[in-house]
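Shown next, in structure tokens, is the structure this report addresses.
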Amino acid sequence: MKTILLLCFLFLCPLIPGFGALSIDKLIRESSKKVTPVSSIKPFFIRFCNAFSIGTVLMFFVLGLTSAAASFLSLGLSATSKAYAVVLIVFLTVFYFLIVIFKLASISKNGLVKNKPASQEKPGKLYYALFAASILISVFALLCTLLSKKYNAGDQMLETVNSFLGTEQLQSGTSSLYKVNPLTGLEYTNGYPSRLNFMFMPVFYAVLARTFSVKPYVLLWYIIPAFYPFAGCTLFVSIGDVLFKDKTKKVMFYFVCVFLLFCTNLGAGALGFDIVYAGYREMTFVSLILVNFTLYSCLKKKWWLALIPIILEPLAVSCKFGIGACFALAVSLFILSKLPFVKRFSEKEVG
Amino acid sequence: MAAFNFNNINDYIYNNRIMAILLIACIIALFLIIGRISKSDEIRKTIAPNLHVFIYVLCAYALLVFPLTAFLPGKFQSVFYPPTYLGILIPTVPVLAYLITAFSPLLNGLKRSVAIISVIMLMILMLLCGNMGIAPVNNVDHAGYRENEPSFEECLPILEKIVEIDSDKAYDYLILATPSVTKYIHWYSGEIRTLYGRDMWDNSLYSMHYDQYSEEVNALYQWICYEDAYGCFYYRDSTSILDDFDYSSLDYDALDGSEEYLGGTKFVLLAKELGVDAICFSVNEKTDRKAIDYITEKLSLSGEFFGVGSLLTDGYYILYLN
């Protein structure tokens, strides 16, 4: 039962901030009269994917900052769990009321007329074939995830989550994070990098395992590797929506993305099979969600939105210092898009 | 600070093989747009609004594809990501999918059969450019498992047993176990302490802690690995390892002059000296039952067999030291 609740939390919660953020965005655009209300309505599937991808990043952003604040205040796992709960309730309530206010404002402005999407091209058989194939590939990959061996070298995420949960019972009232070496369970003899204190992913997993009473290895091996690819695929739909106007091309783009993601492995930029046996790692999160979200923000020319993954990346990856992939991508694209010859060429071709 | 180097050039190539292909694809794209080679307005109009993305991808791949030019991004990124992960700078999946989709109108001018064959060829090319994930090295497969290593699921019964023993005692339960069991213990529960950790000499894990192991722990690790591999409890060839250490504090009277089981007995005493509460080792058809009985009796210890499959084929023996 608690596992079902966990799945509901992971797959439904991001929709609230996502739809809330889209409502705000729409309100701003309508008030600035950039678009007319009816033409801006997209099909529900696209709106769902946009909401899920934006909501996921926003939720991780808030939880990442909460984790950083909790570690700064040396809170234990139980206190951090409570902080997570309070922050999430406030966060979700605020966005929920934003959606309600937007709906009320929309009804009072346009009446109760059901807006229909603008006329679209009839998709044809290729649309359905590609879409069905991409869904089949995704389902097959997730089944492989259930049966595959689990990655056991280099990374120590699972041990860290277990050590947080294991030491919590003994050190109630005090911070139970990073008290012991996760690989041995013994107290640190020479210490550990202070950088680890600000890593939010092990804390996030530990809080989930603790709150929903799920064994950490079940959470990390079977539940999370289903969640990240799902969030990644919704991002691909959103990116495809920005890139193409033609519906068939949008679906083809999505199909190629799914094919590249689940049928091969193209290095760090496209993890592929790594998701199957190491889907819980920070690299999966950064590669699938943060980098793609940065690209999405840049393609939409919403540069401020790219700040979220830029801030979130150092909280997710156990780096020491340097510039992150999201920062490099966002800054480079921003500078390149402002170059005169690029602007001139784009304007000339698009007309 | 992690130095940026390309000592493991195979790893680099393995993880970035696709870059060359993408580089070529980007060059073609730029030629099609800027050089106006393509007469398809549709392609130009699809790609033109995102020219900056293609310039970025082109520059990034040009830097990353050659080890020498990869120095520049590596200088800033290698402390963030290992050199093999520098490909994360480019959102490969959407960029490649965008290229393929944008060029799909080119298929319109072809015969239906030729178009289908082209698509299939492209898919095969994409599969060939990829790999099976994290590179296998030193007889370790893609997921990091050694040959004939038991899986986590196979070890679950012994892990449950160890946690059960631990729950009867205080937290200070310290166990010396075979490498596989040691690794899986910490996957299964965070309440058990082990004398050494998974991949204890793996440098990549040193970014997570600065702990180092003593020579005694090192010797016990080698002994338990020997037990795991050969199933012999007495470890006849152990004397060369033990010669380097001072065992004056150990209770040699208990050994009773039996040279045959001396090696194994010494290691058990050493483990006891280091505060180990129990030793868990695998037993199989090669395991010397006499040696186990002898040591248990001579050192007044207790122990129990724990069969995962049939006893003495792939079971475990837990020797309680305290």
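Quick notes
- Among the residues of segment A:205-240, those identified as farther than 30 Å from A:ALA79 by Cβ and away from chain B (no Cβ under 12 Å) are A:PHE230, A:THR234.
- Single residue of A:VAL256, A:VAL342, A:VAL291 found to be within 7 Å of chain B (Cβ to nearest Cβ) and either touching a strand residue (DSSP E or B) at 6+ places or on another chain (Cβ under 7 Å) or surrounded by fewer than 24 Cβ atoms within 10 Å (Cβ to Cβ) (or both): A:VAL342
- Of all residues making up segment B:95-117, the number that are of a type in the set (Gly, Ala, Ser) and either under 28 Å from B:TYR56 (Cα atoms) or in contact (Cβ under 8 Å) with a residue 60 or more places away in the chain (or both): 3
- Residue that is farther than 29 Å from A:ARG47 by Cβ and not aliphatic (A, V, I, L, M), where the choices are A:SER287, A:SER238, A:SER213: A:SER213
- Residue match in segment A:296-314 (condition: facing chain B (nearest Cβ under 10 Å), touching an Asp or Glu at 6+ places or on another chain (Cβ under 9 Å), without any contact (Cβ under 8 Å) to a residue 60 or more places away in the chain and surrounded by 18 or more Cβ atoms within 10 Å (Cβ to Cβ)): no
Residue-by-condition table, conditions (1) modelled with pLDDT of 90 or more; (2) touching a helix residue (DSSP H, G or I) at 6+ places or on another chain (Cβ under 6 Å):
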position: A:GLY279; (1), (2): no, yes
position: A:THR284; (1), (2): no, yes
position: A:ASN292; (1), (2): yes, yes
position: A:LYS302; (1), (2): no, no
position: A:ILE310; (1), (2): yes, yes
position: A:LEU315; (1), (2): no, yes
position: A:CYS319; (1), (2): no, no
position: A:GLY324; (1), (2): no, yes
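- Screening B:PRO82 with (1) within 7 Å of chain A (Cβ to nearest Cβ); (2) under 19 Å from A:LEU290 (Cα atoms); (3) modelled with pLDDT under 80 gives one miss only, at (1).
- Test: residue in segment A:160-168 that is of a type outside the set (S, T, N, Q) and assigned to a loop (DSSP other than H, G, I, E, B): no
- Restricting attention to segment B:269-302, the residues being assigned to a helix (DSSP H, G or I), at pLDDT below 85 and not acidic (Asp, Glu) number 10.
The values are calculated or read from the model by the stated rules, or taken from the named source; none is laboratory data. Keep in mind that what you see is a predicted model, and the values were worked out from it rather than measured. Cβ atoms come from the backbone with ideal geometry, glycine included; neighbour counts cover every protein chain shown.
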